[in-house]
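Engineer: Below you will find the structure I want to go over with you.
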Amino acid sequence: MSAPILDPAAPPQTAAPVPRWHLHRRLYNWMLSFAHSPYATPALFMFSVTEAIFFPVPPFVLQVPLTIERREQAWWYAGISTAGSILGGLIGYALGGLFHGLAVWLFTEPRLHTIDPYMRNVWLLTAGVLAVHPFKLFTIAAGALQAPLLPFIIASAIGRAALFFGIGALVWAFGPPIRVFIDRYFNLLTVALGVLIVGVVVAVKFWH
């Protein structure tokens, strides 16, 4: 279950202490603490980079409250998240290529090769970027399977931009209430984006 979304506009409340073993929730709260920090933008970029390699909490956890507080900068924060995620994806790709054994340990060989079809086409790669969660697993697997680098970069740029700019657009348009919706239906939204992108490409090719 997702950690509850906190409204940065709400008055401060006394929260119950989070047990030390609830690491994911502690990381979640730590990320949110940067929303009011002068280092919010660098933190968003670094979380976007590391989430594509190893960090377990997605960067939109910080992107959303920043966008709510400064809605005129919605596209700036979406761009920061996208750029950081692409850079992190390239690092994950490199790690997968350098440490093939790590990828096999994470997935097992048969499961690793179940994403082989994604490696053959930039649009399938884009769908994979959106559909495979967490993103770090896809980047490491792509490197281990030696997916063509340029299509991987293009797919990462399209897929992660669609995700973060889509989130930015939702928050810009609907404000704080959309936070609960994004948190609850995040996986469904990303799969729908992947299907939409592939569907549009297939439709255009069919039309021509």
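The values are calculated or read from the model by the stated rules, or taken from the named source; none is laboratory data. As the structure is a computational prediction, the values presented were derived from the model and not from experiment. Methodologically, a virtual Cβ is constructed for each residue, glycine included, from the backbone with ideal geometry; neighbour enumeration extends over all protein chains shown.
Engineer: Answer yes or no as to whether Phe164 is among the aromatic types (Phe, Trp, Tyr), more than 15 Å from the chain's Cα centre (by Cα), modelled with pLDDT of 75 or more and crowded, with 17+ Cβ neighbours inside 10 Å. Working first, answer last.
Structural biologist: Working: among the aromatic types (Phe, Trp, Tyr): yes; more than 15 Å from the chain's Cα centre (by Cα): no; modelled with pLDDT of 75 or more: yes; crowded, with 17+ Cβ neighbours inside 10 Å: yes.
Here the answer is no, as Phe164 does not meet what is asked.
Engineer: Also: Which residue, of Tyr28, Tyr39, is surrounded by fewer than 24 Cβ atoms within 10 Å (Cβ to Cβ), modelled with pLDDT under 85, of a type outside the set (S, T, N, Q) and more than 18 Å from Leu170 (Cα to Cα)?
Structural biologist: Details: Tyr39 fails: modelled with pLDDT under 85.
When all the criteria are applied, what remains is Tyr28.
Engineer: Just name the residue that is nearest to the chain's Cα centre (by Cα) out of those in the stretch 73-98 that are of a type in the set (Phe, Trp, Tyr) and at pLDDT 95 or above.
Structural biologist: My answer is Tyr77.
Engineer: Quick one: in the stretch 126-161, of everything that is within 14 Å of Phe60 (Cα to Cα) and modelled with pLDDT of 85 or more, which residue is surrounded by the fewest Cβ atoms within 10 Å (Cβ to Cβ)?
Structural biologist: Per the criteria, the residue is Ala161.
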